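Shown next, in structure tokens, is the structure this report addresses.
Every read-out reported here was derived from the displayed coordinates using simple, explicitly stated rules and does not represent laboratory data. Small disclaimer: the values here were computed from a predicted structure and weren't measured. Methodologically, a virtual Cβ is constructed for each residue, glycine included, from the backbone with ideal geometry; neighbour enumeration extends over all protein chains shown.
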Amino acid sequence: MNIAQIQYPLYTISEYLTLERRSEERHEYLDGLIYAMAGESSDHGEICTNVAGELYTQLRSKPCRVRSKDTKVCSGPIPNTPRFTKGLYSYPDILVACGNLKFHDVYKDILLNPTVIIEVLSPTTEAYDRGEKFLRYRTYLTSLQDCLVIAQNRPLIEHFTKQDNGQWLLAATITDYKTDLYLKSIDCVLNLTNTYARVEFL
């Protein structure tokens, strides 16, 4: 999904949340800056829907639930002053949360304990998704066990998983339609055939 910076002055987290809860558009927040999120491509939408549908079917009888791209996640330290600006508030394309959901505040619109996060890469945000955003996820989301990045322009899923010692490793790179990807943390399987259904590569 494309993002564009719309605010240059630094905003506090409280100011961002007040604005965001009144807005009809979605915005992400990074260390005091607010970014508008642009619409998605057709292929991006197909992939997100395919993966969310696959996970929903497999999770129906398990204590986990899948959420689409409208659920915010907080990846940062707890604000300790009214003017606090450090943190990332983002909208992962897909996430899975298990057990009791933990929220940022009484509004229950910002999740604190995802188990799996999945990002479908866009050309304009790939470096950010792989870089700063992934760094914030693995630094601050202690509940997070798996991250997937899915390419739009070719059949490719990369699976990053957290080890017992807290380190993150690239566990698998899937490019073969005959290979299944197993997510142990939620006991689910994904494959390229279902992930890229109705997507035509140029």
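In the neighborhood of Gly76, defined by Cβ-to-Cβ distances under 9 Å, what is the net charge if each Lys or Arg adds +1 and each Asp or Glu adds -1? Walk me through the numbers on the way to the answer.
Values: positive: Lys86, Arg136; negative: Asp31.
Result for the local shell: +1.
Round to the nearest 10 and give me the degree value, 0 to 90, for the angle of helix 13-22's Cα axis relative to the longest principal axis of the chain.
70
Taking the Cα centre of segment 105-146 as the origin, how large is its charge dipole in debye, to the nearest 20, when only Lys and Arg (+1) and Asp and Glu (-1) carry charge on their Cβ atoms? Can you show the working numbers first?
Numbers: 5 positive and 7 negative charges, 23 e Å.
I would put it at about 120 debye.
Would you please give the FRET efficiency between Ala38 and Ser68, computed as 1/(1 + (r/R0)^6) with r the Cβ-Cβ distance and R0 = 25 Å, to the nearest 0.05?
On the way: r = 17 Å, r/R0 = 0.68.
For Ala38 and Ser68, the calculated efficiency is 0.90.
About its Cα centre, how strong a charge dipole does the chain have in debye, to the nearest 20, once Lys and Arg get +1 and Asp and Glu get -1 at the Cβ?
Working: 22 positive and 25 negative charges, 125 e Å.
Dipole of the chain, to the nearest 20 debye: 600 debye.
Using the Karplus equation 6.51 cos²θ - 1.76 cosθ + 1.60 (θ = phi - 60°), what ³J(HN,Hα) coupling, rounded to whole Hz, does each residue of segment 161-178 give in order, writing x for Gly and Pro?
9, 8, 8, 4, 8, x, 6, 9, 10, 6, 7, 7, 10, 9, 10, 9, 5, 8
Looking at the chain, which Cys residues are left with no other cysteine's beta carbon under 4.7 Å from theirs?
Cysteines of the chain left without a disulfide-compatible partner: Cys48, Cys74, Cys147, Cys188.
With a 10 Å cut-off between alpha carbons and a GNM built on the chain, which of Glu24, Glu132, Glu40 moves the most?
Top of the fluctuation ranking is Glu24.
For segment 89-94, just list the computed ³J(HN,Hα) in residue order, Karplus coefficients 6.51, -1.76 and 1.60, θ = phi - 60°, integers in Hz, with x standing in for Gly and Pro.
10, 9, 10, x, 4, 8
Here are some pairs, Lys72/Lys184; Lys102/Lys178; Lys108/Lys178; Lys86/Lys184; Lys69/Lys162; which of them have Cα atoms lying more than 29 Å apart in this structure?
Among Lys72/Lys184; Lys102/Lys178; Lys108/Lys178; Lys86/Lys184; Lys69/Lys162, the Cα-Cα distance tops 29 Å for Lys102/Lys178; Lys108/Lys178; Lys86/Lys184.
Measure nothing fancy, just the Cα-based angle from helix 42-59's long axis to the longest principal axis of the chain, in degrees from 0 to 90, nearest 10.
Approximately 80 degrees, to the nearest 10.
Using r as the Cβ-Cβ distance of Asp187 and Arg22, and R0 as 45 Å, what FRET efficiency do you calculate, to the nearest 0.05?
Values: r = 39 Å, r/R0 = 0.87.
So the FRET efficiency works out to roughly 0.70.
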